[in-house]
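Have a look at the structure below, then the notes.
The values are calculated or read from the model by the stated rules, or taken from the named source; none is laboratory data. From a predicted model like this one, the values you see are computed outputs, not experimental measurements. We place every Cβ from the backbone using ideal geometry, glycine too, and count neighbours over all the protein chains shown.
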């Protein structure tokens, strides 16, 4: 009779290494989470400022008509800046990444275009975005 060797059980810990994993304390996680929340609040504030700039541009260019409404709808990854007309038709004016503040031209109602147009967290880019903002979205085209 031939004796077969006993199968050995391999445990997950045999393959894992504590050196490969980064360890952070709960206090570090909480501190960075607070900073991330502050950045996201700033991005939302800048989105509201962009909406105000778009309304201002529309009212200066079309003083005799009712202004379009610009407002924010938040999704999982992006803030959508929505433009709504008097008759209720809606379109996406721009997408803003919630974590990075990057502004994108819309490719469709649900998705942004590939290339970043502006970054709301960078002062120069944000000021340029607000100065060039027009209600029709011409400032979002790449030059």
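Considering only segment 106-135, state which residues are assigned to a loop (DSSP other than H, G, I, E, B), farther than 26 Å from residue 37 by Cβ and touching a helix residue (DSSP H, G or I) at 6+ places or on another chain (Cβ under 9 Å). Across segment 106-135, the qualifying residues are 133, 134, 135. When 28, 14 are screened for being at pLDDT below 60 and outside any loop (DSSP other than H, G, I, E, B), only 14 passes.
Filtered by the rule that a residue be in contact with a strand residue (DSSP E or B) (Cβ under 6 Å, 6 or more places away or on another chain) and either surrounded by fewer than 20 Cβ atoms within 10 Å (Cβ to Cβ) or within 21 Å of residue 125 (Cα to Cα) (or both), segment 71-91 gives 71, 72, 73, 78, 79, 80, 81, 82, 84, 90, 91. Taking segment 95-115 as the range and being surrounded by 13 or more Cβ atoms within 10 Å (Cβ to Cβ) and within 26 Å of residue 61 (Cβ to Cβ) as the test, the residues that pass are 95, 96, 103, 104, 105, 106, 112, 113.
Among the strands (runs of 3 or more DSSP E) confined to segment 45-100, the ones with at least 3 residues that are in contact (Cβ under 8 Å) with a residue 40 or more places away in the chain are located at 90-97. Restricting attention to segment 116-129, the residues that are more than 13 Å from the chain's Cα centre (by Cα) and surrounded by fewer than 19 Cβ atoms within 10 Å (Cβ to Cβ) total 7.
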